[in-house]
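Asker: Could you have a look at this structure, given as structure tokens, before my questions?
The values are calculated or read from the model by the stated rules, or taken from the named source; none is laboratory data. None of these values were measured; they are calculated from a predicted model. Neighbour counts run over all protein chains shown; Cβ positions are idealised from the backbone, glycine included.
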Amino acid sequence: MMKDSSLGDKKYLLLEFNLGGKMLLTPMADIAAVMRDVSHLVGVPGAKPWMLGCKKVDGEMVPVIDSEMFATGGQSRTLGNTSISILVVPTEEFGLIGFGVEHIGRLIQLSDLSEGGDVEVPVWLAPTLLCSGALSTTTYPIIDLTKLPLKGIKDVQA
Amino acid sequence: MSLNRPKIPVVCVIDDSESSLAFAREILEERGCTVVTADNTYEALHVLTVNKVDLVLCDVVIPPFDGFEFSRVLRSRWNKEELPVVFVSTRNSEVDKARSELAGGNGYLTKPYSAEELFQVVKKFTLSA
């Protein structure tokens, strides 16, 4: 995944966003669409609480999930307000999936990425952690949302 | 004596996503292209009128009319050799690719794309520009 995000030698373009109360980065080359401050999703009647609804992306209805609620089976601490932002990511098994996030920030260019590094992510996001990247004095976790265990995502009905 | 300098390709990126525009711009400027952008098709028409553009990268779903309609407008003024148009979309079906050809598109790039994939497309259509 990371090598596809390469801009040139050892340069990466990463998108900044908030999820699970953390500022995170993800390779922009893995993101099919970015939707900021979406106020309306098409509801899915009788769906499980983690199914936030559907959003049309290039004419195709894409399911949008609360990944924290999906992964933990608990309550989302962060989503559920009046508007959310969405990262649309292609997955091999399930096609396009929209991941609800709290806020989408800047596109950041980094050249030094570290394996692991001194970063922490919530436990439910641990499978998605690829590496870390430093920008001035801050080190960000770099994650791949498609690494979330998505088994059961088709089991939408509550 | 004239210097035979390679021409710098001018690429027009049309997308209503701020992040997608920024991503394409970073990739292409890093590799020596000049990039002009528009976040809607009205603005794109103006940009294409005032700039000599070598390649258009156009999102398929772009307000106020979609990329295919926009391409048909462009084709009434420029042919495929004069102004190549590559459609960019999250959709990847053969039907969409066929529609893009019918609308006068020269190529089709599926999102998400890597830096290298984007640059290869630009190279392909601007090499002889």
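Asker: Considering only segment B:67-96, state which residues are within 14 Å of chain A (Cβ to nearest Cβ) and either assigned to a strand (DSSP E or B) or not acidic (Asp, Glu) (or both).
Answerer: B:GLY67, B:PHE68, B:PHE87, B:VAL88, B:SER89, B:THR90, B:ARG91, B:ASN92, B:SER93, B:VAL95
Asker: Can you name the number of the only condition in (1) within 14 Å of chain B (Cβ to nearest Cβ); (2) out of contact with any Lys or Arg (no Cβ under 8 Å at 6 or more places or on another chain); (3) at pLDDT 90 or above; (4) not in a helix (DSSP H, G or I) that A:ALA29 fails?
Answerer: (4)
Asker: Let me ask another. Of the residues that sit in segment B:75-95 and are surrounded by fewer than 20 Cβ atoms within 10 Å (Cβ to Cβ) and more than 15 Å from the chain's Cα centre (by Cα), which one is nearest to A:VAL34 (Cα to Cα)? So that I can check it myself, show each step before the final result.
Answerer: Of the residues in segment B:75-95, the ones surrounded by fewer than 20 Cβ atoms within 10 Å (Cβ to Cβ) are B:75-82, B:92-95.
Still in the running and more than 15 Å from the chain's Cα centre (by Cα): B:76-77, B:92-95.
Values: B:SER76: 32, B:ARG77: 32, B:ASN92: 18, B:SER93: 21, B:GLU94: 24, B:VAL95: 24 Å.
Per the criteria, the residue is B:ASN92.
Asker: Mind listing whichever residues of segment B:97-117 are buried (at least 19 other Cβ atoms within 10 Å of the Cβ), assigned to a helix (DSSP H, G or I) and either touching a His at 6+ places or on another chain (Cβ under 7 Å) or within 9 Å of chain A (Cβ to nearest Cβ) (or both)?
Answerer: B:ALA115
Asker: Please enumerate the residues belonging to segment A:1-19 that are buried (at least 20 other Cβ atoms within 10 Å of the Cβ) and at pLDDT 55 or above.
Answerer: Of the residues in segment A:1-19, the ones buried (at least 20 other Cβ atoms within 10 Å of the Cβ) are A:5, A:7, A:12-15, A:17, A:19.
Result: A:SER5, A:TYR12, A:LEU13, A:LEU14, A:LEU15, A:PHE17, A:LEU19.
Asker: Which one of A:GLY105, A:GLY98, A:GLY53 is out of contact with any Ser or Thr (no Cβ under 9 Å at 6 or more places or on another chain), free of Cβ contacts under 8 Å to residues at least 60 places away in the same chain, part of a strand (DSSP E or B) and surrounded by 13 or more Cβ atoms within 10 Å (Cβ to Cβ)? Give the derivation first.
Answerer: Numbers: A:GLY105 fails: free of Cβ contacts under 8 Å to residues at least 60 places away in the same chain; A:GLY98 fails: free of Cβ contacts under 8 Å to residues at least 60 places away in the same chain.
Only one candidate qualifies: A:GLY53.
Asker: In the list B:LEU21, B:LEU28, B:LEU55, which residue meets the criterion of being of a type outside the set (Phe, Trp, Tyr) and away from chain A (no Cβ under 14 Å)?
Answerer: Going through B:LEU21, B:LEU28, B:LEU55 in turn, the sole match is B:LEU55.
Asker: Restricting attention to segment A:64-87, does a residue exist that is within 11 Å of the chain's Cα centre (by Cα), under 21 Å from B:GLU117 (Cβ atoms), within 12 Å of chain B (Cβ to nearest Cβ) and at pLDDT 90 or above?
Answerer: The answer is yes, given that some residue of segment A:64-87 is within 11 Å of the chain's Cα centre (by Cα), under 21 Å from B:GLU117 (Cβ atoms), within 12 Å of chain B (Cβ to nearest Cβ) and at pLDDT 90 or above.
Asker: Next up: Please count how many residues of segment B:17-33 are among the aliphatic types (A, V, I, L, M) and either closer than 17 Å to A:ILE86 by Cα or out of contact with any helix residue (DSSP H, G or I) (no Cβ under 8 Å at 6 or more places or on another chain) (or both).
Answerer: 2
Asker: Just wondering, is there one or more residues in segment B:35-51 that are in a loop (DSSP other than H, G, I, E, B), under 14 Å from the mean Cα position of the chain (by Cα) and away from every other protein chain (no Cβ under 14 Å)?
Answerer: yes
Asker: Sticking with this one: For segment A:108-149, how many residues are within 22 Å of A:ILE84 (Cβ to Cβ), buried (at least 18 other Cβ atoms within 10 Å of the Cβ), of a type outside the set (Val, Ile, Thr) and under 13 Å from the mean Cα position of the chain (by Cα)?
Answerer: 5
Asker: Just give me the residues in segment A:131-158 being touching a Lys or Arg at 6+ places or on another chain (Cβ under 8 Å) and either without any contact (Cβ under 8 Å) to a residue 60 or more places away in the chain or not in a loop (DSSP other than H, G, I, E, B) (or both), in sequence order.
Answerer: A:PRO141, A:GLN157
Asker: A further question follows. Can you tell me which condition B:GLN120 does not meet? The list is (1) crowded, with 20+ Cβ neighbours inside 10 Å; (2) within 14 Å of chain A (Cβ to nearest Cβ), and all the others hold.
Answerer: Failed condition: (1).
Asker: Which residues, taken from segment A:108-130, are polar (S, T, N, Q), closer than 23 Å to B:ILE27 by Cβ and part of a strand (DSSP E or B)?
Answerer: A:GLN109
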